[in-house]
Structures are given as structure tokens and as C-alpha cells.
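Novice: My structure is below; once you've seen it, I'll send some questions.
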Amino acid sequence: MVDVSAKQATHRTATASAFVELSAAVLAALPANPKGNPLEVARIAGIQAAKRTADLIPMCHPLLLTHVDVQAEIAAGGVRITAWVATTGPTGVEMEALTAASIAALTVYDMTKALDKSIVIRNIQLEFKSGGKSGDYRRNSD
């Protein structure tokens, strides 16, 4: 791991997203899913994943997260997932946000795979980050 002990603790945030492409038939079947509500289970799984990022990615620092929120919402053609993470510390929370979005997407996949094997997870990406020496970043929407 990189030594971050000399870095100043600052407020840091990150937002990441993912998209789970689902057929119209699967989207219509979501309310009656026998495993439960995929959107709510994905939300909880994403929050749990953010808190466990350092256990999953070898060179990530364990961080005390001060806020995690994950939203999974039906959109045209699938489910859009957005994860927000914050901390005050010496290193950023981009990996925690990306992990939360990824695991939430995988959870939607897991809970709907019995309905369709052609589900695709797309565009796992950092949308925004703030804090730290490198400052703010916002993905261009072009």
C-alpha cells in the first residue's frame, strides 16, 4: 500500500454509477421477484460492499466512512445504480464508491438471472470525486 501518513486529512467524497441492462419482461417482473425486491437488496449490498472495500481490493486502505448511500432505480432499459461515499481522511473514497456500485449491480444480476441469462452490466464508472491534493473531478456528460 502507498504510505498516506504524511497526507492531510480532508473531507473527501465520491460518486460512482453502474447500469444493469434488463429486458422489458424482466423489468415488468421485478415487483413479483421470488427472491424479494432486487432494488432494495442491491441498495443494502452496495452499502455493505463500500464498508468492506479494503477486504476485497488488496492495496486499498481501510477507511472510516462517514456516509454511504446507494440508490437503485428503474430506468429505460434497466436499472441505474448510483453510489455516494464520504469520509474525512488522508485518501479518497473512489474505490469504495465504485465497489458499492459494482456489488449493487451484481446483486440485481443475481436476483434476476433466473428470469433472463442475457443481462448485461455496463458503465461502472466514477462520476465525481472531491477533496485531496488532486481536487475535484466530474465526468463530462458529452
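The values are calculated or read from the model by the stated rules, or taken from the named source; none is laboratory data. These figures come from a predicted structure and were not determined experimentally. Quick reminder, even Gly has a Cβ in these numbers, built from the backbone with ideal geometry, and neighbours come from all protein chains shown. Heads up: the accessible areas ignore ligands, DNA and RNA and are worked out on the full protein's heavy atoms, side chains in. Shrake-Rupley method; radii C 1.70, N 1.55, O 1.52, S 1.80 Å.
Novice: Which of the residues spanning region 30-54 are of a type in the set (Gly, Ala, Ser) and either in contact (Cβ under 8 Å) with a residue 12 or more places away in the chain or crowded, with 16+ Cβ neighbours inside 10 Å (or both)? Talk me through it step by step, then tell me what you get.
Specialist: First, pick out the residues of region 30-54 that are of a type in the set (Gly, Ala, Ser): 32, 36, 42, 45-46, 49-50, 54.
Across region 30-54, the qualifying residues are Gly36, Ala42, Ala45, Gly46, Ala49, Ala50, Ala54.
Novice: On to the next question. I need a count of the residues in region 7-29 that are among the small types (Gly, Ala, Ser), part of a helix (DSSP H, G or I) and open to solvent by less than 30 Å² (accessible area, probe 1.4 Å).
Specialist: Here is the first cut: in region 7-29, the ones among the small types (Gly, Ala, Ser) are 9, 14, 16-18, 23-25, 28-29.
Among the residues that remain, those that are also part of a helix (DSSP H, G or I) are: 24-25, 28-29.
When the remaining residues are screened for being open to solvent by less than 30 Å² (accessible area, probe 1.4 Å), the result is none.
Matching residues across region 7-29 total 0.
Novice: Can you tell me which residues in region 84-142 are in contact (Cβ under 8 Å) with a residue 40 or more places away in the chain, on the phi > 0 side of the Ramachandran plot and assigned to a loop (DSSP other than H, G, I, E, B)?
Specialist: Once the filter is applied, which keeps residues that are in contact (Cβ under 8 Å) with a residue 40 or more places away in the chain, on the phi > 0 side of the Ramachandran plot and assigned to a loop (DSSP other than H, G, I, E, B), region 84-142 yields Gly131, Gly132.
Novice: Can you pull out the residues in region 100-113 that are under 14 Å from Asn37 (Cα atoms) and small (Gly, Ala, Ser)?
Specialist: Once the filter is applied, which keeps residues that are under 14 Å from Asn37 (Cα atoms) and small (Gly, Ala, Ser), region 100-113 yields Ala104, Ala105.
Novice: If you check Met1 against the conditions, is it open to solvent by 50 Å² or more (accessible area, probe 1.4 Å) and assigned to a helix (DSSP H, G or I)?
Specialist: No; evaluated as a whole, the condition is false for this residue.
Per-residue answers, yes or no, for (1) polar (S, T, N, Q); (2) out of contact with any Asp or Glu (no Cβ under 7 Å at 6 or more places or on another chain); (3) closer than 21 Å to Phe128 by Cα; (4) open to solvent by 80 Å² or more (accessible area, probe 1.4 Å):
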{"site": "Leu65", "(1), (2), (3), (4)": "no, no, yes, no"}
{"site": "Val85", "(1), (2), (3), (4)": "no, no, yes, no"}
{"site": "Ala100", "(1), (2), (3), (4)": "no, yes, yes, no"}
{"site": "Tyr109", "(1), (2), (3), (4)": "no, yes, no, no"}
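Novice: Can you tell me which residue is nearest to the chain's Cα centre (by Cα) among those in region 87-98 that are of a type in the set (A, V, I, L, M, F, W, C) and open to solvent by 20 Å² or more (accessible area, probe 1.4 Å)?
Specialist: Step one: list which residues in region 87-98 are of a type in the set (A, V, I, L, M, F, W, C), which gives 93, 95, 97-98.
Narrowing the set further to residues that are open to solvent by 20 Å² or more (accessible area, probe 1.4 Å) leaves 95, 98.
On the way: Met95: 9, Leu98: 5 Å.
Within region 87-98, the match that is nearest to the chain's Cα centre (by Cα) is Leu98.
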